[in-house]
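All remarks here apply to the structure that follows.
None of the figures in this text is laboratory data; all of them are computed from the coordinates on show. Please read all numbers here as calculations on a predicted model, not as lab measurements. Here the Cβ is made from the backbone with ideal geometry for all residues, glycine too, and neighbour counts use every protein chain on show.
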Amino acid sequence: MRKAGERKGSPGRARNSPPGKLTPATLYIIMSNSSLVNYTKLSPHCESRAGQKITDITVHHMAGNLSVIECGNVFQNREASANYGIDGQGRVGLYVDESKASWANGNLKSNQRSITIELANDEIGGKWHVSDTALEKCVQLCADICVRNGIKKLNYTGDTTGNLTAHRFFMSTSCPGPYLFGRFQYIADEVNKRIKGGWVRDGAEWHF
C-alpha cells in the first residue's frame, strides 16, 4: 500500500510525455491508475471486482467543498469510498485502485464494473454547483479512464443502459445534484471528442 501524500507522475510514463501508440490493453497493464492523480490515500473500504471488466463510469458529488485530502480522510472511517475524487481546484485524489471495486453506488454489480468519481461542490445546497475547473478535470479523467480500459465510447442514456451513470440511478438519492447531473450529456460528448482527438499538451503536462 502506498503512503498518503503527494504523488507526482506514474510508474508507467513520465508526466511530460504522451503514451504514444500504446494500445489500451498495454496501457492498462503498465498504468492501472490515472497519471492525473495528485494525491493518494487508499481506503480500506473496497473489494474485488470478481472478474468483472470495467465498462462504466459513475459520477457522484461530495455534498461538500472537500479537498482531496479531506475526502480521503472521510473514506478512511466511513464505510464508503470512490476510486477517485476531484476537488474544486481540479486536484485528483486516488482512494481505491482501479483494480478494485469501491463502495460507492449502493449496487454490487455496478460497483464491480464501474470506476467511481466524486466531485467537490462549491455551492452547498441549491443546485450543488461544481467549479468549471473540477468539471474540466472530470472530463480529462473520464477520457483517460476510457482509453486505458478499452472503453471506446462513453454513452449517456439517462438510465443504467448507458455506461456513464449517476449515483441516483442505483439508490434513492439526489446525488449528483442538479447542476452536475445536468452536465452529463456534455461530459459524455466532451469525453468522446477527446478520445478521438488523443493527447494534448498543456504546459509541461499531457492530458485528453
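The table for this structure:
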| read-out | value |
| --- | --- |
| Long-range lysine pairs (8 or more apart or interchain), the stretch 60-208, Cα under 15 Å | 6 |
| Cα gyration tensor shape of the stretch 23-198, rounded if a/c is under 1.5, else prolate or oblate by comparing a/b with b/c | rounded |
| Cut-off under 5 Å, modelled amide H: who pairs with Thr40 long-range | Gly5, Arg7, Leu94 |
| At R0 = 22 Å, FRET efficiency that the Cβ-Cβ distance of Glu79 and Lys127 yields, to 0.05 | 0.20 |
| Cleavage-rule hits, GluC sites (Glu not before Pro), the stretch 58-150, DSSP coil, Cβ neighbours within 10 Å at most 15 | Glu79, Glu123 |
| In range of the label at Asn155: residues from the stretch 50-91 whose backbone nitrogen is under 15 Å from the point 7 Å along Cα→Cβ | 55-57 |
| Per DSSP, loop trypsin sites (Lys or Arg not before Pro) in the stretch 93-183 with at most 13 further Cβ within 10 Å | Lys127, Lys152, Lys153 |
